[in-house]
Amino acid sequence: MKLLNFDLRAAGEKRLLQLHEMEEFRHNAYENARIYKERTKAWHDKHILKHEFQVGQKVLLYNSRLRLFLGKLRSHWSGPFIVSRVFPYGAIEVTHETKGTFKVNGQRLKPYFEEEFSKENTCFVFSCF
């Protein structure tokens with residue numbers, strides 16, 4: 001037969017000790033989550049590329065809503081757009097001939113480099129080994 005503990009004072013102290021242990025465990029878990037979040041943010045911020053755009057510069061805009069027409073070879077970048085105004089905190093106003101003028105986040109832009117391309121001077125070398 002089981003021996004029942006009828007000492008209410010000892011049972012209360014044991015339960016209080018268990019509650020303090022649970023509170024300490026929750027506090028440690030909270031601290032570990034905070035440390036992880038700080039380290040992840042530091043790593044992410046270190047790997048962000050800072051782009052400095054000037055007025056009149058040509059840029060490409062990342063189109064994140066291109067999920068309807070899936071295709072490996074379809075480019076997610078549209079443009080070129082011309083930077084018409086640079087706002088603080090990374091906002092950029094861009095202009096396009098047909099699409100007009102609108103503001104975008106600077107993280108969605110990358111510089112557009114124009115290069116002359118002539119079909120006459122281009123050659124392809126195919127070699128089989």
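The values are calculated or read from the model by the stated rules, or taken from the named source; none is laboratory data. Keep in mind the model is a prediction, meaning the values are calculated, not measured. Counting neighbours? That spans all protein chains shown, and the Cβs are built from the backbone with ideal geometry, glycine included. Remember, those area values only see protein heavy atoms, side chains included, never the ligands or the DNA or RNA. Shrake-Rupley method; radii C 1.70, N 1.55, O 1.52, S 1.80 Å.
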- [ ] Report yes if E13 is modelled with pLDDT under 95 and part of a helix (DSSP H, G or I), otherwise no.
- [x] yes
Is the range 44-56 home to any residue that is surrounded by 10 or more Cβ atoms within 10 Å (Cβ to Cβ) and small (G, A, S)? no
Query raised in the report: Looking at the range 111-119, is at least one residue at pLDDT 85 or above and open to solvent by less than 100 Å² (accessible area, probe 1.4 Å)?
Result: yes
In the range 29-68, residues that are basic (K, R) and in a helix (DSSP H, G or I) total 5
Could you tell me whether the range 74-87 includes any residue that is open to solvent by 100 Å² or more (accessible area, probe 1.4 Å) and modelled with pLDDT of 80 or more? yes
